[in-house]
Amino acid sequence: AQHYLKRIEAASALNAFIQVDPELTLAQAKAADERVARGESGPLLGLPIAHKDVFVTRGWRSTAGSKMLEGYVSPFDATVVERFMRAGMVTLGKTNMDEFAMGSSNENSAYGSVKNPWDTAAVPGGSSGGSAAAVAARLAPAATATDTGGSIRQPASFSGVTGIKPTYGRVSRYGMIAFASSLDQGGPMAQTAADCAALLNAMTGFDERDSTSLKRDDEDYTRFLGQTWSTGGAADKPLAGLRIGLPKEYFGDGLAGDVRAAVDAALKQYEALGATLVPVSLPKTELSIPVYYVIAPAEASSNLSRFDGVRYGHRAAEYRDLLDMYKKSRAEGFGPEVKRRILVGTYVLSHGYYDAYYLQAQKIRRIIAQDFEEAFKTCDVIMGPVAPTVAWDIGAKGDDPVQMYLADVYTLSISLAGLPGMSVPCGFGAGANAKRPVGLQIVGNYFNEARMLQIADAFQ
Ligand code: GLN
């Protein structure tokens, strides 16, 4: 913990953390030492971890990157935080993020942009940009993150770390400040798939405090690491028999040449490991953008109604009456992107527009899930890019939200379908982008995380 605290301080210019508190961290480290002294052991005991500021933490501030929650201290720990503490992990601090996890670059944080450690002119990705930058710069060996439409996979890709979003319902949302509840899913970020597997072992599990938490038997996500794919026994290559589906919609015109080259090189390596590549199609890929940007804001507008200046968060200093207090508190507390989402969400849910937008989006969401069902009939796993380009310059898309939304095209449909997805570093861009990482996206069928981690680990 001391080692990482020193590194965090030396790298404060990255702005990866919203809060660090060495006293709190070292107290936790001491408690872990005492557990070791008592003879306890465990794969995560005493290891430090950074938490995305969307997870509430007792004793630490929890802001979700918003001015609305500036200074807020939760009276309880999120289930995820509680589980890692039970495993003996030591909290290093709270990482920076886009406000309420809305964004793809971390530029929507009320606490300033985060710099990409590989190239400080670039964004780290978002919304879990602080977690990604912290792991990439070795300010933390692991970090928690959340993914609603790509916020684990895309910053992992932009920052050259490994991150996995499990099947929806695997990780408890209790104490995870809500953005879009039917999509929000927590997951780990670390250097390797093997590390992510160890973290998932502690992170997942049924939680009666989350109504969408899934009742499943505990499983060991490390169980396939290092094994050959086919259990037939004859396989001399580690992944012989594995069928990798390549959706043609993920390799079209919108994909930058340098990202494509890095992904193609990774696919070659998979062939060398014994896998076969099969073409598949996900015809509704492009529709995932309008569908997601109707559903997510709709849910957000409802979730964020609790921030009214009474029960939580910022309250305006001066107001005439109750309504004026709501208006001023929300006008001051929320940033521009959050306001945009609340407006869109309220609009698509309103009488007269509900059928035309929200209901249509829900129907197409179902069809998007069916696209994947179809694709998984002919392949075991799907691969492609995480994002159409490498990380862009800080400020480059700042005044054009739609440009930012379009960059989510390869991650949104996986979230809408509730499928597990991960990002694995697979190279760098070219020319001026030569220092900017590229991630390979691996998408598995429901509950196939252990297999995805095996496939990622074989590549690493
Ligand atoms: N970029 C997407 C958005 O802005 C996804 C964010 C996320 O997954 N939290 O909504």
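The values are calculated or read from the model by the stated rules, or taken from the named source; none is laboratory data. The structure presented is a predicted model; accordingly, all values stated were derived computationally and were not measured. Methodologically, a virtual Cβ is constructed for each residue, glycine included, from the backbone with ideal geometry; neighbour enumeration extends over all protein chains shown.
Of 178, 143, all but one fail to be under 14 Å from residue 55 (Cβ atoms), within 16 Å of the ligand (Cβ to nearest atom) and surrounded by fewer than 23 Cβ atoms within 10 Å (Cβ to Cβ); the exception is 178.
Could you please find all residues in the stretch 157-172 being closer than 21 Å to residue 443 by Cβ and either more than 8 Å from the chain's Cα centre (by Cα) or modelled with pLDDT under 95 (or both)? Matches in the stretch 157-172: 157, 158, 159, 160, 161, 162, 166, 167, 168, 169, 170, 171.
Of all residues in the stretch 436-458, none are crowded, with 24+ Cβ neighbours inside 10 Å, within 25 Å of residue 220 (Cα to Cα), touching a residue at least 12 places away in the same chain (Cβ under 8 Å) and among the hydroxyl-bearing types (Ser, Thr, Tyr). Taken over the stretch 38-73, residues that are closer than 28 Å to residue 337 by Cα, buried (at least 19 other Cβ atoms within 10 Å of the Cβ) and not hydrophobic (A, V, I, L, M, F, W, C) amount to 8.
Residues that are aliphatic (A, V, I, L, M) and either within 30 Å of residue 394 (Cα to Cα) or in a loop (DSSP other than H, G, I, E, B) (or both) occur in the stretch 28-45; there is at least one. Pairing residues of the stretch 131-144 that are farther than 8 Å from residue 189 by Cβ with residues that are of a type in the set (Asp, Glu), at Cβ distances under 8 Å and at least 6 apart in sequence or on separate chains, gives 141/195. When each of 160, 93 is tested for being away from the ligand (no atom under 16 Å from the Cβ), over 27 Å from residue 70 (Cβ atoms) and surrounded by 24 or more Cβ atoms within 10 Å (Cβ to Cβ), the lone residue that passes is 160. For residue 179, the stated conditions hold: it is under 24 Å from residue 336 (Cβ atoms) and in contact with a strand residue (DSSP E or B) (Cβ under 9 Å, 6 or more places away or on another chain).
Of the residues 99, 107, which single one is within 12 Å of the ligand (Cβ to nearest atom), of a type outside the set (Lys, Arg) and surrounded by fewer than 24 Cβ atoms within 10 Å (Cβ to Cβ)?
107
The residue that is surrounded by the fewest Cβ atoms within 10 Å (Cβ to Cβ), counting only those in the stretch 74-85 that are among the hydrophobic types (A, V, I, L, M, F, W, C) and out of contact with any helix residue (DSSP H, G or I) (no Cβ under 7 Å at 6 or more places or on another chain), is 76.
The criterion of being in contact with a helix residue (DSSP H, G or I) (Cβ under 9 Å, 6 or more places away or on another chain), more than 28 Å from residue 411 (Cβ to Cβ) and modelled with pLDDT of 95 or more does not hold for residue 326.
Among residues of the stretch 107-123 that are over 21 Å from residue 405 (Cα atoms), those with a beta-carbon under 8 Å from a residue that is among the polar types (S, T, N, Q) at least six positions away or on a different chain give the pairs 111/15; 111/63; 111/96; 117/159; 118/159. Where helices (runs of 4 or more DSSP H) sit wholly within the stretch 310-429, those with at least 2 residues that are within 16 Å of the ligand (Cβ to nearest atom) occupy 336-349, 360-375, 401-406, 412-417. Checked against (1) on the phi > 0 side of the Ramachandran plot; (2) without any contact (Cβ under 8 Å) to a residue 60 or more places away in the chain; (3) touching an Asp or Glu at 6+ places or on another chain (Cβ under 9 Å), residue 64 passes all but a single condition, namely (2).
May I ask you to say which residue of 420, 385 is buried (at least 19 other Cβ atoms within 10 Å of the Cβ), touching an Asp or Glu at 6+ places or on another chain (Cβ under 7 Å) and under 20 Å from residue 278 (Cβ atoms)?
420
Given the structure, is residue 77 in a loop (DSSP other than H, G, I, E, B), over 23 Å from residue 22 (Cβ atoms) and of a type in the set (D, E, K, R)? No.
Listed here are the residues, each with its yes/no results for (1) within 16 Å of the ligand (Cβ to nearest atom); (2) in contact (Cβ under 8 Å) with a residue 24 or more places away in the chain; (3) under 24 Å from the mean Cα position of the chain (by Cα); (4) buried (at least 16 other Cβ atoms within 10 Å of the Cβ).
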residue: 248; (1), (2), (3), (4): no, yes, no, no
residue: 270; (1), (2), (3), (4): no, yes, no, yes
residue: 276; (1), (2), (3), (4): no, yes, no, no
residue: 293; (1), (2), (3), (4): yes, yes, yes, yes
residue: 303; (1), (2), (3), (4): yes, yes, yes, yes
residue: 306; (1), (2), (3), (4): no, no, yes, no
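Among residues of the stretch 278-291 being within 16 Å of the ligand (Cβ to nearest atom) and of a type in the set (Ser, Thr, Tyr), the one that is farthest from residue 149 (Cα to Cα) is 285.
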